[in-house]
1. Note the angle between two axes, namely the Cα long axis of helix 17-34 and the longest principal axis of the Cα atoms of the chain, as a number of degrees from 0 to 90, rounded to the nearest 10.
2. With springs only between Cα atoms under 10 Å apart, run a GNM on the chain and tell me which of 25, 96, 118 wobbles the most.
3. In nm, to one decimal, how far is the residue 9 label point from the residue 49 one, both placed 7 Å along Cα→Cβ?
4. Among the DSSP beta bridges whose two residues both lie in the range 30-142, what percent are antiparallel, rounded to the nearest 5?
5. Please find, in a Gaussian network model of the chain (springs between Cα atoms separated by less than 10 Å), the residue of 43, 12, 110 whose mean-square fluctuation is greatest.
6. Considering only 92, 102, 79, give the residue with the highest GNM mean-square fluctuation for the chain, with springs between Cα atoms whenever their separation is below 10 Å.
7. Is the shape of the chain rounded, prolate or oblate, going by the alpha carbon gyration tensor and its root eigenvalues a ≥ b ≥ c, with a/c under 1.5 for rounded and a/b larger than b/c for prolate?
């Protein structure tokens, strides 16, 4: 890369499809072991969907919620629980932010200090969704 292109562009790491599938497999393994029926979404750092799976028997509402939790974590660069806490702390106007959700269960995937994507889980409820999402992100060595 020459000096001119370095001034107007940058390289960005992002979660791969293989990485997303590995995270989803880890999430499903954990959830199945506990009898939870979940949906799992993995997005890239810009919040765009990379991979998604809904377990047989998981509620239909978990589909959109898992995607929104993942997108929220990617866009705010923190677990979706942080957005929930922010709203509950007296900033309800942020509920108008499109395509994000103030629900626990979305976590960023961080590699070498950089957010490369996020995982969103829905169906195990609240803190359990978060636990599964952290397990999925950790499966990538993040």
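Every read-out reported here was derived from the displayed coordinates using simple, explicitly stated rules and does not represent laboratory data. Every value quoted in this text rests on a predicted model; they were computed, and no experiment measured them. Backbone-built Cβ (ideal geometry, glycine too); neighbour counts: all protein chains shown.
1. Its long axis makes an angle of about 20 degrees.
2. 96
3. Modelled inter-label distance: 2.9 nm.
4. Values: 17 of 17 bridges.
Beta bridges within the range 30-142, antiparallel portion: roughly 100 percent.
5. Answer for the Gaussian network model of the chain: 12.
6. Checking each option, the largest mean-square fluctuation is seen for 92.
7. Details: a/c = 2.19, a/b = 1.32, b/c = 1.66.
In terms of gyration-tensor shape, oblate.
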